[in-house]
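> Shown below is the structure under consideration.
Please treat every number below as a calculation from the coordinates, not as lab data. Bear in mind that the values here come from a model prediction, so they are computed numbers and not experimental data. Cβ placement follows ideal geometry from the backbone for every residue including glycine, while neighbour counts extend to all protein chains displayed.
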Protein chains: 2
Amino acid sequence: MSRTFNFSAGPAILPEEVLREAQAAIWDFDGAGIGILEHSHRGGPFEKVVQQTEASCRKLAGIPDDYAVLFLSGGASTQFFMLPANLLPDGATADYLVTGAWSEKAVAEAKRYGRVHEAATTAATNHDRIPRANEIRWSERPVYAHFTSNNTIFGTQWTSEPTPPAGVWLACDASSDIFSRPIDVTRYGVLYAGAQKNIGPAGVTLVIVRRDLVERPVRDLPTMLRYGTHAKEGSLYNTPPSFGIYLMGRVFEWTLRQGGLAGIEKKNREKAQVLYDALAATSFYSAHAGEGSRSLMNVTFRTPSAELDAKFVKAAEAAGFAGLKGHRSVGGMRASIYNAFPKAGCVALASFMQDFAAKHG
Amino acid sequence: MSRTFNFSAGPAILPEEVLREAQAAIWDFDGAGIGILEHSHRGGPFEKVVQQTEASCRKLAGIPDDYAVLFLSGGASTQFFMLPANLLPDGATADYLVTGAWSEKAVAEAKRYGRVHEAATTAATNHDRIPRANEIRWSERPVYAHFTSNNTIFGTQWTSEPTPPAGVWLACDASSDIFSRPIDVTRYGVLYAGAQKNIGPAGVTLVIVRRDLVERPVRDLPTMLRYGTHAKEGSLYNTPPSFGIYLMGRVFEWTLRQGGLAGIEKKNREKAQVLYDALAATSFYSAHAGEGSRSLMNVTFRTPSAELDAKFVKAAEAAGFAGLKGHRSVGGMRASIYNAFPKAGCVALASFMQDFAAKHG
């Protein structure tokens, strides 16, 4: 059966090769006569899966040994409070760059633990862009500087990391663009991502954290909420989301086969260019995100009216393009074209867009 | 390819019918041309999955409307602190029945929030039995009474719920025997289980909680840690472990096809009887768990020596029986025979046990 062009914002499309591997592994993993879902997390075969997933992750992103690579659960929403709970002392300040709904949620949770300074916000223009460097007002001595590297809902993306004051580490929610391009992990203290967009299924969270930070939590916490618990036990303190870890490993290997992060970035740029070119080719469409802030992962756009937007989504669905309806806070359309999304889908959508504009423009 | 008899304590064997359904759904779910891993949690197809999983769960266990059915993550280890964080006020007391390593962990986390009274413990005899009713010393006015319905490591199981003082609700970690027999949910305030033994894969936790308790949390907590957050949003506050929820729904439907909880209990009793009969047939083997406390889920036993135990595990592995090594705190062997484990595997193991005893006895 042929598969639909799936523009879902997440959970999102996965590489077909990985899906085929998963189908086989569910019945029998590694010739053991036991499926991947059924293997003990304490047994040799699964321990090897965890080790390989971590090794592939380190290779893919060039993660040095002084960083722990953790496979947790609860999504970015859990990291919103787990990060400050572990690392923001009472009375200390963390700086947050507010570029969308997810940044706002991260701010709300951090406020339970310490002071939050909003170093910049783009709320005034419904988060249609990334703040310019000269708009950012850092606080005196923040513990860390938090940003959301890609804003799924608004279709904006940082082209490079913000530069906090000297000695201040970056914290980042990279859920919707993790491993879509090369990254210098050493600028980060904590880098986290729900897997369900670029690196796997829903239900597993990748957390990359500097080991020296893990070793000095700022308050006593339940065992499961301490980064140190999971770092010490190699993500096997309790039964982990084992299938998610397996699948993430398969996606990392697939990404390496695409030429690693440099290779995948090239493909992502080509794919996004096809859609941004289609937007620029006619005045019928307008992009939500401003130039210089446009995401390579989520392309947000609209037609001249909400009625035509609805018509577009319906006609696209009928033509085999799924998941194009924009988030309610932005309206219009959103084409999510994560790593695994094929260029052929972008080309087909661009052609559909051209036809739709010709018919309704 | 034929599958191994998998006695893993968890993640554990799943029904073959369910694995076959999952294999197909990974490529294409419901004819949409999109796999189950790739469906948006906000889209119609997945919303239907959540609704159906909840409906099957309610039907299977007779769960009334005044209970919320939540699909969370983080396993029972997360519930160890989430339960008292939500429901044990500062200075108040909860009673815990300590029957093994998992009960002890639950106690340790609860102590962060309130007072813990150990109403009974079987630690003195390495948790080889369940406390008798006349051994239990309840505190004056506990908020709740917590127990572990089945002790995976030790192979003991409560034959029926403990009876706390009038007006006190039960809290239960049912991870390793959930839905293995009929249950009267109305005796419980909170019933929780990691899915990976009887009801699904690792990475999703079932929490059944009385709605009036959800509506009165005793302290302010991060959004993700409040039962109320997930109850209000039907487990869709954030991106949930979607594949785990799907698979759990398939397992619930499979369990209904086995005759529901009464039907599955009958099968479980027959399966366990085969192994306990094999133990009783010779003085070569001894059971860890005392009579009257023996689990239908995990059968723990040993040979006359640690050397023979090791030989048994190795020979069994070679004969196609996987996962029989006992937990290090008990030693010997453990045969985990959850709902999905076939009776044929118990019969085959009993025969192997007889042969091994004849050869080495």
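> Counting alpha carbon pairs within less than 8 Å and at least 6 residues apart, what relative contact order, in whole percent, applies to chain B?
On the way: 683 pairs, mean separation 82.7, N = 361.
Here the relative contact order equals 23 percent.
> Using only alpha carbon pairs under 8 Å that are at least six residues apart, calculate the relative contact order of the range A:115-175 and give it in whole percent.
On the way: 65 pairs, mean separation 20.5, N = 61.
The value is 34 percent.
> Measuring from label point to label point, each 7 Å out along Cα→Cβ, what is the A:SER329 to B:GLU270 span in nm?
Using points 7 Å along Cα→Cβ, the separation is 5.5 nm.
> Reachable aspartates and glutamates from B:LYS271, Cα under 15 Å, same-chain residues fewer than 8 places away excluded?
B:ASP177
> Now for a separate question. Would you kindly work out, in nm and rounded to one decimal, the distances from the label point of A:LYS359 to those of the same position in each other copy, ordered shortest first, with label points 7 Å along Cα-to-Cβ?
7.2
> Here is a follow-up. Which GluC sites (Glu not before Pro) from the range A:256-348 combine a DSSP loop assignment with at most 10 other Cβ atoms within 10 Å?
Sparse-neighbourhood loop GluC sites (Glu not before Pro): A:GLU291.
> Let me confirm one metric for peptide A:200-211, namely the mean number of other chain beta-carbon atoms within 10 Å of its residues' beta-carbons.
4
> Another question, then. Starting with the fewest neighbours, write out B:GLU135, A:GLU38 ranked by other beta-carbon atoms found within 10 Å of each beta-carbon.
B:GLU135, A:GLU38
> Separate question: Counting partner chain Cβ atoms within 10 Å of every residue's Cβ in B:27-36, what's the average?
5
> What fraction of the DSSP beta bridges in the protein assembly as shown is antiparallel, stated in percent and rounded to the nearest 5? The partial results should precede the final answer.
Working: 42 of 80 bridges.
Antiparallel: roughly 50 percent of the beta bridges in the protein assembly as shown.
> What nm value, rounded to one decimal, do you get for the distance between B:ARG141 and B:GLU215 when each label is placed 7 Å out toward the C-beta?
Distance between the two pseudo-spin positions: 2.3 nm.
> In terms of Cα to Cα distance under 16 Å, which lysines are near enough to B:LYS359, apart from those fewer than 8 places away along the same chain?
Here the lysines satisfying the reach criterion relative to B:LYS359 are B:LYS311, B:LYS314.
> Give the lysines reachable from B:LYS59 as a straight Cα distance under 23 Å; neighbours fewer than 8 places away on the same chain don't count.
Output for B:LYS59: B:LYS48, B:LYS197, B:LYS232, B:LYS266, B:LYS267.
> Now for a different question. Amide H to amide H under 5 Å from A:PHE5: which residues, 5+ apart in sequence or cross-chain, H placed 1.01 Å off N in plane?
A:ALA322
> Another one. Rank these for me by crowding, A:ASP177, A:ASP277, going from fewest to most other beta carbons within 10 Å.
Values: A:ASP177 26, A:ASP277 11.
Ascending number of Cβ neighbours within 10 Å: A:ASP277, A:ASP177.
> Would you mind counting up the charge near A:ARG129? Only other residues with Cβ under 13 Å from its Cβ, with Lys and Arg at +1 and Asp and Glu at -1.
-1
> Continuing with the same structure: With r as the distance between the Cβ atoms of B:ASP277 and A:ALA348 and R0 = 51 Å, compute the FRET efficiency 1/(1 + (r/R0)^6) and round to 0.05.
It comes out at approximately 0.20.
> Assuming R0 = 51 Å, what is the FRET efficiency of B:ASP65 and A:ALA166, from their Cβ-Cβ distance, to the nearest 0.05?
So the FRET efficiency works out to roughly 0.30.
> Moving to a separate point now. Which of A:SER103, A:SER175, A:SER295 ends up with the largest GNM mean-square fluctuation for chain A, with Cα atoms connected below 10 Å?
A:SER103
> What is the distance in Å between the Cα centroid of the range B:314-361 and that of the range B:138-200?
Cα centroid to Cα centroid, the span is 27 Å.
> Given 0.36 nm per residue, what is the gain on full extension from B:ASP184 to B:LYS48 after removing their alpha carbon distance, in nm?
Additional length available on full extension: 46.3 nm.
> If you keep only loop residues by DSSP, which chymotrypsin sites (Phe, Trp or Tyr not before Pro) in the range B:280-345 have at most 12 other Cβ atoms within 10 Å of their Cβ?
Values: sites: B:PHE284, B:TYR285, B:PHE301, B:PHE312, B:PHE321, B:TYR338; in loops: B:PHE284, B:TYR285, B:TYR338.
Loop-located and lightly packed - none at all.
> Taking the label point as lying 7 angstrom from Cα along the Cα-to-Cβ axis, what are the distances from A:GLU307 to the corresponding position in the remaining copies, in ascending order and in nanometres?
Those label-point separations list as 9.0 nm.
> At A:ALA348, with labels set 7 Å past Cα in the Cβ direction, how many nm apart are the copies from this one, shortest first?
4.4
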